[in-house]
Every structure is written in structure tokens, then in C-alpha cells.
Amino acid sequence: MLTVIGAGFPRTGTSSMKAALERLGFGPCHHMFDVGSDPDRARRWAPLADPAVVPDWEHVLEGFRSSVDWPAAFFWRELAQAYPQAKVVLTVRDPHTWIASMQTLIANGPARLQSENLAPEMTGLVENMNTTRPLLERMIREGLGSDKPFGVPLDEKDSLLAFERHVATVKASVPPERLLVFDVREGWEPLCAFLGVDVPEGEPFPHLNDSKVMQESIDRLMQGENIGLPFHPAT
């Protein structure tokens, strides 16, 4: 049963939030990484490409106590209704740095994963993403207002408007006592206060998976290294 629902768009510090929530005892935390790395999980999400499908959230999110990032965050409203006791965290960042990060993700992620010259280590990831591709396209179409194919750069003006509209909609829809609007640069204190847990003493807040790390990780995967998911920087 979910206890924390992430409502923020991708590239708003969602991998940092995953790590933070798991450190605070709210894990496992579902992230797009779990879809890319687990064919069973990808198959559970795939039917939701059809808006007429009524999700069985206990099945789709079995084993998880929290969720961040798409695809779960795309269904924030439905999840908030299904789990009325869960708290909602809306991760945010400057819209212009967000769209730049999204464009980098698309250029160095989905677009390159469609290359014919992929290392064997990439096969499972590509198959899982293909399984959920119709859902990804639905999320891009409905969430970002874009009808461009998966992996094609976004229209920046329309995407910025969609980002701002999403933030406003979540703020207007979720009761203030149930919602935290959170920039991961704020660190542990506001998140821990909202969740009612202690701040981890002497531990920096995790800051993971920025655009540079993603690009380096894709480079390494393309060269045949099996670095696992989620992506980690070179050491």
C-alpha cells in the first residue's frame, strides 16, 4: 500500500526522491527505472496505455510503499484517490532548467536506445521500454500536450506551459495538509517534517541522476558495459 505519492514530472529530482524516501523507510519506491529493468513490471503497466482501462493498483504497484516519476506520477490523481491516507509530494524545479533536462534526456536516452548498434546489455531495457511505449506516448501526449513520436525533442513552449499547468493543478487539487511542494535543493528538513520522521544525522541529501550522469551512463551502456539500473556515474 502506497504511503507517499510523487506527483512531479520526470527530471524534477525524482531519482533523488527515490533514494531519499527509501533512506527514510518509505521504500521500496517505484520509479521509471523499475519499469526499464523489470519485464514483469513493464507488462503490468502496459495496459494503462488505454484510458478506458481501470487500473488494479495493488497489482501494478505490488511491493512498493511509495512512488515517484512517470509512469506512476502521471496517475497522481487516481493514486491519491485510491490511497487516501497517502501523502503527496510534488517535486518542482525551475521550468527552464527542467525543459533543458528533458531535452537532454530524450536526446541521450530514448533516441539513442532506438539505434541498431546496441550492446547485448541493452536488450532487456529496450524490450521493456518498447512494451510500455504506447503508455509513454500517452503520457507525453496528455501530460505534455505533444503529439510527437517517442524520442523526438519536445516543443519547448508547449512543454513549459504544460509544466506550469501541472504544478498549478496539483496545488489546487490536493489539500494543503496532504501536499508538499518540494525542490530537492531544500534538503532533508522540509521532507522529513512533512513525513514526520527524523532527519538522517550527518548524511547529505542524495542528489542523483543529473543530465550529465545520464549521458555518461548511456555512453557506457552503448560501449557494452553492464552498469545496471538505475544509472550510476562512473567511478
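Per-residue answers, yes or no, for (1) of a type in the set (Gly, Ala, Ser); (2) within 29 Å of residue 197 (Cα to Cα):
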position	(1), (2)
2	no, yes
7	yes, yes
11	no, yes
36	yes, no
39	no, no
49	yes, no
52	yes, no
106	no, no
Exercise. Does residue 181 satisfy the criteria of being part of a helix (DSSP H, G or I) and either within 18 Å of the chain's Cα centre (by Cα) or among the basic types (Lys, Arg) (or both)?
Worked result: no
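Can you list the helices (runs of 4 or more DSSP H) lying wholly within the stretch 67-138 that have 3 or more residues being among the hydrophobic types (A, V, I, L, M, F, W, C), buried (at least 17 other Cβ atoms within 10 Å of the Cβ) and at pLDDT 95 or above?
Answer list for the stretch 67-138: 76-82.
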Exercise. Quick one: in the stretch 57-66, which of the residues that are part of a loop (DSSP other than H, G, I, E, B) and of a type outside the set (A, V, I, L, M, F, W, C) is surrounded by the fewest Cβ atoms within 10 Å (Cβ to Cβ)?
Worked result: 63
Problem set entry | Total residues in the stretch 139-150, condition outside any helix (DSSP H, G or I) and small (Gly, Ala, Ser) | 2
Seminar exercise, completed: Selection from the stretch 20-53 of residues modelled with pLDDT of 95 or more and among the aliphatic types (A, V, I, L, M) yields 20, 21, 24, 46, 48, 49, 52, 53
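Per-residue answers, yes or no, for (1) modelled with pLDDT of 95 or more; (2) in a helix (DSSP H, G or I); (3) more than 15 Å from residue 23 (Cβ to Cβ); (4) not basic (Lys, Arg):
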| site | (1), (2), (3), (4) |
| --- | --- |
| 192 | yes, yes, no, yes |
| 200 | yes, no, no, yes |
| 205 | yes, no, no, yes |
| 224 | no, no, yes, yes |
Exercise. When you scan the stretch 37-56, how many residues do you find that are assigned to a helix (DSSP H, G or I) and surrounded by fewer than 12 Cβ atoms within 10 Å (Cβ to Cβ)?
Worked result: 1
Exercise. Of the numbered conditions (1) at pLDDT below 95; (2) of a type in the set (D, E, K, R); (3) in a helix (DSSP H, G or I), residue 171 satisfies every one except a single condition; which is it?
Worked result: (1)
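The values are calculated or read from the model by the stated rules, or taken from the named source; none is laboratory data. Being a predicted model, the structure only gives us computed values, none of them experimental. Here the Cβ is made from the backbone with ideal geometry for all residues, glycine too, and neighbour counts use every protein chain on show.
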